[in-house]
Amino acid sequence: MLASLTRVLVIGAILVTGMHLAATLVNPVLVAFAISVIASPAVYWLEQRGLRRWIAASAVVGIIAGVSLLLLAVLGVSLLQLDRALPAYQELLKEQLTLLDGTGTDLAAQLPGSSGNASLLPSLETIIAGLAELAIDFLVTIIVTVVMLLEIAGLRQKLRTIPGGNGAGLEGQFTAFCLSLNRYVGIRTRGSLVTGTVVALLLWFMGIDTPVLWAILIVLFSYIPFLGLPIASIPPIGLAWLRYGLTGAVAVAAGITIIDYLSRTRFTPHPAQRELELSPLVIILSVFFWLLVLGVPGLFLAVPLTLFAKAVLAAVDDTRWLAALMEQAKETA
């Protein structure tokens, strides 16, 4: 047991170090891998309807790319609206800080929208450089996703033929990994769409700017276990505080919490984390771990990467006990 643990630690340290050093190159590939696993059932469904695999894969990736571009367009329009409203929010911030402690002029002068920085948006050069980097990563992700979708169907057969007696175990664990991840994403998507839609209506009713933007952030950040919703709720709560004071902030925070609770209990059969068969502690630690290794993309990749690591450990006899330690404790009667 000690020898197997030592080997796992050494191999894991080498892999993680390499991923950290090459995060810029690795992140698009890992994102493509996660997307290909999640999208593979749709490709299979289209194949069953008579489409060739490469056509089905291209169609699914095209839909994903179109939705991604639409979301980027909505985010861009919403940011422009916030940029135009920034001077008004600066004045509201001065008023709120004055109500709190009678100060705030110096702090407000340092915020975006002051005389030294009149815009929330970065310079044109920064925007162009960021768009170029985003376009390259997006193109790499799309290409790799198509290739992986073409290969993923035959991957199980390749795993089954690995010599040494572990092939069948790897094939079974990979299948279980795909099923768990897809069920998790399905339940999480259903609940987050309901939460985001109702929250957008709540924010619109309260007069909070760009409610669609905050709803999209809530949906996207919901894929970060436990921490995603609190992080995505900070901007609308902050805007409610600026407009209505502490009462408005509390109302928005309570509304988001209640809406999320109702969507998880009424529109999903059970908590999405149950599909992962990972302990809550492992899930939370994995979010911080992959954030440290991969940066911000690690927040969204934490679940698929941790679930995949558990599947690899469970496929090998010497490390199966490590996979068991990562699982959620069974409830006893």
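The values are calculated or read from the model by the stated rules, or taken from the named source; none is laboratory data. What you are looking at is a predicted structure, and each value in this text was computed from that prediction instead of being measured. Please note: Cβ atoms are built from the backbone with ideal geometry, for glycine as well, and neighbour counts cover all protein chains shown.
What is the number of the single condition among (1) closer than 17 Å to V61 by Cβ; (2) under 20 Å from the mean Cα position of the chain (by Cα) that H20 does not meet?
In the conditions (1) closer than 17 Å to V61 by Cβ; (2) under 20 Å from the mean Cα position of the chain (by Cα), H20 misses (1) alone.
Would you pick out the residues in segment 183-211 that are surrounded by fewer than 17 Cβ atoms within 10 Å (Cβ to Cβ) and either part of a helix (DSSP H, G or I) or outside the structural domain of A311 (by TED's automatic domain parsing) (or both)?
R183, G186, T189, R190, L193, T197, L201, W204, F205
Can you name every residue in segment 49-73 that is surrounded by 15 or more Cβ atoms within 10 Å (Cβ to Cβ) and in a helix (DSSP H, G or I)?
R53, A56, A57, S58, V60, V61, I64, A65
Looking at segment 224-234, is at least one residue in the same structural domain as L203 (by TED's automatic domain parsing) and farther than 26 Å from F289 by Cα?
Checking segment 224-234: not a single residue is in the same structural domain as L203 (by TED's automatic domain parsing) and farther than 26 Å from F289 by Cα.
In this structure, does S36 turn out to be in a helix (DSSP H, G or I), of a type in the set (S, T, Y) and within 20 Å of C178 (Cβ to Cβ)?
So S36 fits the description; yes.
Are any residues in segment 238-279 assigned to a loop (DSSP other than H, G, I, E, B) and either of a type in the set (A, V, I, L, M, F, W, C) or under 23 Å from the mean Cα position of the chain (by Cα) (or both), and if so, which ones?
If the condition is that a residue be assigned to a loop (DSSP other than H, G, I, E, B) and either of a type in the set (A, V, I, L, M, F, W, C) or under 23 Å from the mean Cα position of the chain (by Cα) (or both), then F267, T268, P269, H270, P271, E277, L278, S279 are the ones that fit.
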